[in-house]
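The values are calculated or read from the model by the stated rules, or taken from the named source; none is laboratory data. What you see is a predicted model, and the numbers here were worked out from it, not measured in a lab. Reconstructed Cβ throughout: ideal geometry from the backbone, glycine too, with neighbour counts over all protein chains shown. Just so you know, the surface numbers come from the protein's heavy atoms only, side chains and all, with ligands and any DNA or RNA stripped out. Shrake-Rupley method; radii C 1.70, N 1.55, O 1.52, S 1.80 Å.
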Amino acid sequence: MDQQQKHQIRGYEFHVAGALEKDGRYRGMILLTKRGDTQQVYAKPVLIETPSSFKSVHAALIEASAYAQELIYNGAIKALLPADAPPAGAQTNPQAPQPPDFVGN
(Lines give C-alpha, C1' and ligand atoms only; values in the text may rest on other atoms or scores of the structure.)
Protein backbone atom coordinates (compact mmCIF):
# COMPACT_ATOMS: atom_id res chain seq x y z
CA MET A 1 0.00 0.00 0.00
CA ASP A 2 1.29 3.40 -0.93
CA GLN A 3 0.17 5.84 1.78
CA GLN A 4 0.01 9.57 1.11
CA GLN A 5 -0.23 12.66 3.31
CA LYS A 6 -3.15 13.37 5.64
CA HIS A 7 -6.11 15.25 4.14
CA GLN A 8 -8.61 17.39 6.05
CA ILE A 9 -12.00 18.36 4.64
CA ARG A 10 -14.87 19.73 6.75
CA GLY A 11 -13.32 18.28 9.90
CA TYR A 12 -12.84 14.80 8.45
CA GLU A 13 -9.25 13.56 8.49
CA PHE A 14 -8.11 10.78 6.19
CA HIS A 15 -5.27 9.32 4.15
CA VAL A 16 -5.58 7.88 0.67
CA ALA A 17 -3.70 4.82 -0.46
CA GLY A 18 -3.53 2.41 -3.36
CA ALA A 19 -3.60 -1.35 -2.80
CA LEU A 20 -2.35 -3.85 -5.36
CA GLU A 21 -4.95 -6.50 -6.13
CA LYS A 22 -4.36 -10.08 -7.31
CA ASP A 23 -5.11 -9.15 -10.93
CA GLY A 24 -2.32 -6.54 -10.97
CA ARG A 25 -4.66 -3.57 -10.75
CA TYR A 26 -4.74 -0.96 -7.98
CA ARG A 27 -7.75 -0.08 -5.87
CA GLY A 28 -8.02 3.26 -4.11
CA MET A 29 -8.46 3.20 -0.35
CA ILE A 30 -9.63 5.90 2.04
CA LEU A 31 -8.39 5.50 5.60
CA LEU A 32 -10.58 7.74 7.75
CA THR A 33 -9.17 8.65 11.17
CA LYS A 34 -11.55 11.42 12.33
CA ARG A 35 -15.20 12.25 11.76
CA GLY A 36 -16.06 15.81 10.86
CA ASP A 37 -19.61 15.87 12.19
CA THR A 38 -18.93 14.46 15.68
CA GLN A 39 -15.15 15.06 15.90
CA GLN A 40 -14.80 11.39 16.90
CA VAL A 41 -11.24 10.08 16.43
CA TYR A 42 -11.01 6.42 15.45
CA ALA A 43 -8.43 4.25 17.22
CA LYS A 44 -8.29 2.06 14.11
CA PRO A 45 -8.84 3.86 10.77
CA VAL A 46 -12.09 3.14 8.96
CA LEU A 47 -11.33 1.70 5.52
CA ILE A 48 -13.45 2.75 2.55
CA GLU A 49 -12.55 1.26 -0.85
CA THR A 50 -13.22 2.95 -4.17
CA PRO A 51 -15.65 1.13 -6.46
CA SER A 52 -13.16 1.04 -9.36
CA SER A 53 -9.65 -0.33 -9.80
CA PHE A 54 -6.93 0.99 -12.11
CA LYS A 55 -3.76 -0.05 -13.91
CA SER A 56 -1.65 2.57 -12.11
CA VAL A 57 -1.38 3.41 -8.43
CA HIS A 58 -1.43 7.11 -9.33
CA ALA A 59 -4.89 6.77 -10.87
CA ALA A 60 -6.11 4.83 -7.82
CA LEU A 61 -4.88 7.62 -5.50
CA ILE A 62 -6.63 10.29 -7.58
CA GLU A 63 -9.84 8.25 -7.51
CA ALA A 64 -9.62 7.74 -3.73
CA SER A 65 -9.12 11.46 -3.13
CA ALA A 66 -11.99 12.43 -5.43
CA TYR A 67 -14.25 9.76 -3.93
CA ALA A 68 -13.52 10.97 -0.39
CA GLN A 69 -14.35 14.56 -1.36
CA GLU A 70 -17.58 13.48 -3.03
CA LEU A 71 -18.65 11.41 -0.01
CA ILE A 72 -17.85 14.21 2.44
CA TYR A 73 -19.42 17.10 0.49
CA ASN A 74 -22.69 15.30 -0.21
CA GLY A 75 -22.90 13.76 3.29
CA ALA A 76 -22.93 10.17 2.06
CA ILE A 77 -19.85 9.31 4.13
CA LYS A 78 -22.00 9.13 7.27
CA ALA A 79 -23.78 6.06 5.92
CA LEU A 80 -20.45 4.27 5.40
CA LEU A 81 -19.13 4.87 8.91
CA PRO A 82 -19.72 2.41 11.72
CA ALA A 83 -22.15 3.64 14.35
CA ASP A 84 -20.52 1.70 17.17
CA ALA A 85 -16.80 2.28 16.55
CA PRO A 86 -15.01 3.05 19.81
CA PRO A 87 -13.20 6.39 19.93
CA ALA A 88 -9.42 6.50 20.22
CA GLY A 89 -8.21 5.91 23.75
CA ALA A 90 -11.52 4.41 24.86
CA GLN A 91 -11.26 1.55 27.30
CA THR A 92 -13.31 -1.40 26.22
CA ASN A 93 -14.80 -3.34 29.07
CA PRO A 94 -15.79 -6.70 27.66
CA GLN A 95 -18.28 -8.51 29.84
CA ALA A 96 -18.82 -12.22 29.94
CA PRO A 97 -21.61 -13.27 27.59
CA GLN A 98 -24.93 -13.72 29.33
CA PRO A 99 -27.04 -16.78 28.64
CA PRO A 100 -30.19 -16.09 26.63
CA ASP A 101 -33.52 -15.79 28.38
CA PHE A 102 -35.67 -18.71 27.34
CA VAL A 103 -39.43 -18.48 27.52
CA GLY A 104 -41.66 -21.45 27.04
CA ASN A 105 -41.73 -25.13 27.94
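Taking every protein chain into account, the accessible area of the stretch 16-58 amounts to 56 square angstrom per residue (probe 1.4 Å). Only Cα sites of the stretch 1-54 enter the Debye sum here, all with the same form factor; the resulting log10 I(q)/I(0) across q = 0.17, 0.18, 0.23 1/Å is -0.54, -0.59, -0.84, listed in q order.
Summing charges over neighbours of Pro45, with a neighbour being any other residue whose Cβ is under 14 Å away from its Cβ, gives +2 when K and R count +1 and D and E count -1.
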